Amino acid sequence: MFKKILIANRGEIAVRVIRACREMGIRSVAVYSEVDRAAPHVRLADEARPVGPAAAAESYLSIQRILEAARASGAEAIHPGYGFLSENPAFARACTDAGVVFVGPSAASMELMGSKTAARQAMIAAGVPVVPGSAEPLADLSDARREAARCGYPVLVKAAAGGGGKGMRLVEREEDLPAALREAASEAERAFRDGRLYIEKYLAAPRHIEIQVLGDRHGRLIHLGERECSLQRRHQKVVEECPSPLAAARPEMRAALGETAVRAARAAAYHNAGTVEFLVDSGGRCYFLEMNTRLQVEHPVTEWVTGVDLVQEQVRIAAGEPLAYRQDQIQWRGAAIECRVYAEDPDNNFFPSPGRITRLAEPSGPGVRVDSGASPGWNVPLEYDPLIAKLAVWAPDRPAALARLRRALHEYHIEGIKTNLGFFRQILDSADFEAGRLDTGFIERWLAARAPVADSAPAQEQAAALAAVLHSLRYPGNGAAPVPGPSSGWKAEGRKSLLR
């Protein structure tokens, strides 16, 4: 087993990996940019190394600087977390060349699944159902028109090397196709340095369900069941739960999805933790969407329900140990739901809200877990993704989990910046959400009909919060701080670059 691991990430996921290492008796090494010098993950790690200025390209995305930090610290392995370099095959190869173990899959598996078109070809060959569409990158406008006509409008134009909704356009009419191709290619080139595109049939109001898989270096693969990820905004997940309300009502669906996910992972010669994602149409038909070759943001809900520590399993697999579980040993108990807490303003089109956290009160109690990268007095930087924490709850069943999540959100207060906590409090009051009637268009419909989101607490709690802030200004030893004042074109090939 490793004696020291470097975490090539920041925020809540770095904190999560550091804690897993500590439980395993492994020393942890944090890295930080200049703007993250006082971040919680830096203070929590056994040691920390600077890797450059605030710009991610010169710090967290610099392979050279990350490897230099690993060499200087004597780390035997690097855990990439998610985002940044986690799905960069060049980084995985560079780790191997430097004699450092990459805690993740092989570079070859990452390359295969990183190309949406190559992944579709591999899945078709493995007998995994895919959404109708092109299996090769589009050659030109004529090729795009042929594929769209074959699928039937509406269609999605999608980046071949991307994700997160970037480089994606919905096209409902043929006359709109040329403009959609130009816009999607330009966005994909900027985001991934790869402007190649493909076309996929647009499925109206599908559910987004994913399967967690684990594979060791000895050829053994298992799945840990599904997560419902249909609540999305701009193609980004914001609420996830395990089990899926749909699959929970159809046990045969979980078995079929799990078997298909393992087949998909085996086709990619996959090892370590990964997620196979599916779209489920209104008729219950399931289609492969993509495979994420890393740990997922929403992994806590699977850990709650299965009792498997995914980060520790990642480390054991990377160290060459066999899987600690057989498929028949995986059991699913109760229900878990996660909310992604962002520094953003729901009443201003969810615009990022960087700034200093003047007060932080996180929920606790039975069945409540907060994976946080924030602390009182910490300044949320503008340079990175505004995710600051994940709130996950567990209970014996979904109604009890919803009640617990409402209670936890009622206790959760962040002052000094805008957050989406009020957004979650309102979402949970939706009758459709409570009934599990979910699809990927849920949030857009809900936002169109909602009242303005109140991010603040009730008046009595506001008064208590104000008193606490005033106290912290008079007695600053608790760490609180005062509120601060006010390439384009459609290219044939390129390289993928992932920013968190």
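Rule-based calculations on the coordinates, nothing more; no lab input. It should be emphasised that the depicted structure is a prediction, and the values quoted were computed from it without experimental measurement. No Cβ is skipped: glycine too gets one built from the backbone with ideal geometry, and neighbour counts run over all protein chains shown.
Ignoring aspartates and glutamates fewer than eight residues from K4 along the same chain, the ones with Cα atoms less than 18 angstrom from its Cα are E23, D46, E47, E68, E76, E313, E321. Quick check on my link table: of K116/K201; K166/K237; K390/K418; K116/K158; K158/K390; K116/K166, which ones sit more than 19 Å apart, alpha carbon to alpha carbon? Distance filter (> 19 Å) returns K158/K390. Neighbours of M123 by Cβ distance under 12 Å: Lys/Arg scored +1, Asp/Glu scored -1, total +2. The stretch between A449 and E321, if pulled fully straight at 0.36 nm per residue, gains 40.9 nm over its current Cα-Cα span.
When only Cα pairs below 8 angstrom with a gap of at least 6 residues are kept, the stretch 132-201 shows a relative contact order of 43 percent. For a modelled paramagnetic label at E259, 7 Å from Cα along Cα-to-Cβ, the residues of the stretch 311-344 in reach, with backbone nitrogen under 18 Å, are 327-330. For L170 and Q426, the difference between the fully extended length at 0.36 nm per residue and the C-alpha to C-alpha distance is 89.3 nm. The trypsin sites (Lys or Arg not before Pro) of the stretch 211-265 meeting both criteria, a DSSP state outside H, G, I, E and B (loop) and at most 14 other C-beta atoms within 10 angstrom of the site's C-beta, are R234.
From least to most packed, judged by other beta carbons within 10 angstrom and beginning with the fewest, W378, W304 follow the order W378, W304. Qualifying trypsin sites (Lys or Arg not before Pro) in the stretch 292-355, where qualification requires a DSSP coil assignment and no more than 10 other C-beta atoms within 10 Å, comprise R326. Note on the stretch 375-418: with charges restricted to the Cβ of Lys and Arg (+1) and Asp and Glu (-1), its dipole about the Cα centre is near 280 debye. For H218, H410, H223, the sequence from fewest to most other C-beta atoms within 10 Å is H218, H410, H223.
Cβ-Cβ distance of Q329 and Y82, R₀ of 22 Å, FRET efficiency by 1/(1 + (r/R0)^6): the value works out to about 0.25. Taking the Cα centroid of the stretch 354-414 and of the stretch 129-201, what is the distance between the two, rounded to the nearest whole Å? Spelled out, the Cα-based centre of one part sits 37 Å from the other.
Here the stretch 4-103 is assigned +1 on the Cβ of each Lys and Arg and -1 on the Cβ of each Asp and Glu. Its dipole about the Cα centre then comes out at about 200 debye.
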